[in-house]
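Down below is the structure, laid out as structure tokens.
What follows is calculated from the coordinates using simple rules that are stated; it is not laboratory data. No experiment lies behind these values; they were computed from the predicted model shown. When we count neighbours, we look across all protein chains shown, and the Cβ atoms used for this are built from the backbone with ideal geometry, even at glycine.
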Amino acid sequence: MDGVLKSWAVPKEPPTESGVKRLAVQVEDHELSYIDFEGTIPEGMYGAGKVEIWDKGTYTLKHRSKDKIQFTLQGEKLSGNYVLIRFKGDKNWLFFKKKLG
């Protein structure tokens, strides 16, 4: 999206079922060259800690505004229609899977 990897840290596992809501904290965008990066970022560096690819796949953007993003995921673990809604003026978002229908 926008020529970069948009990134959110999800402290708990992303929702695989509708009705489950998770906090997603927007973090710095990454260059597309980081798409396969896994490893450990040293202490004292931005983003320090373990970086792992939790899922891979494609997405289809359905709607995007400043405070809401709707998309369809086709991943190895996540699939279906998802929504991110920004808390007012914050980097914190509500992340959930939409119900069918």
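Where strands (runs of 3 or more DSSP E) sit wholly within the chain, none has at least 1 residues that are loosely packed, with under 11 Cβ neighbours inside 10 Å, at positive phi and under 11 Å from the mean Cα position of the chain (by Cα). When each of K91, K62, K99, K66 is tested for being over 22 Å from V4 (Cβ atoms) and basic (K, R), the lone residue that passes is K99.
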